[in-house]
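See below for the structure under consideration.
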């Protein structure tokens, strides 16, 4: 197997098993609390079998989800909203740091930020705005939920995990044509039967 083919297959595997996430915006991005929140968010999703790859600007990565940390929520943002997931072209999350900091004091900032990141990422990965009656995907967290966050016992429900993996399957299906086109452009030789090559790699376009 030549080196170019290895690189293309590695890209396909990464797209299937890792979610590339870029986080930008506020100067808080580079702060230790934000770095710890990213680590905690990755740990929460790892329990559900999902791997995050924090990659700065994530150049040359397929299917990047972009998180914008915003110091202050815009004036027209509904009260108590900590973050918003935007499902339009170029999927992204907006997290309002002033709202997160106001939850149970500064000592909870890192843990709450991590759970907010997970909550909004799951919305995007499930391709749904649904909420649950308990756990991370509740629409509104109450005092008991924040205590669970403080203790590190807040989790995704079994249903959320199932829907998350269903969404990931759809995500890979959507990425497949891009991977195939990239493979063709990098590996096909003059006169080579590109369809036969794709059949031998196991790389498929999923309807």
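Which residue pairs have Cβ atoms closer than 8 Å, lie 6 or more positions apart in sequence or on different chains, and pair a first residue in region 24-49 that is at positive phi and surrounded by 13 or more Cβ atoms within 10 Å (Cβ to Cβ) with a second residue that is in a helix (DSSP H, G or I) and at pLDDT below 95? Listed by first residue and then by second, the contacts come to nothing, as the list is empty.
Residues that are over 18 Å from residue 42 (Cβ atoms) and in contact with a helix residue (DSSP H, G or I) (Cβ under 9 Å, 6 or more places away or on another chain) were ranked within region 61-78; the one that is modelled with the lowest pLDDT is 62. Among the residues of region 109-153, those identified as touching a residue at least 40 places away in the same chain (Cβ under 8 Å), more than 18 Å from the chain's Cα centre (by Cα) and not in a helix (DSSP H, G or I) are 140, 152.
Being free of Cβ contacts under 8 Å to residues at least 40 places away in the same chain and either surrounded by 15 or more Cβ atoms within 10 Å (Cβ to Cβ) or not in a loop (DSSP other than H, G, I, E, B) (or both): is that true of residue 95 here? So residue 95 fits the description; yes.
The values are calculated or read from the model by the stated rules, or taken from the named source; none is laboratory data. All values reported here derive from a predicted model rather than from experimental measurement. Cβ: placed from backbone, ideal geometry, glycine included. Neighbour counts: every protein chain shown.
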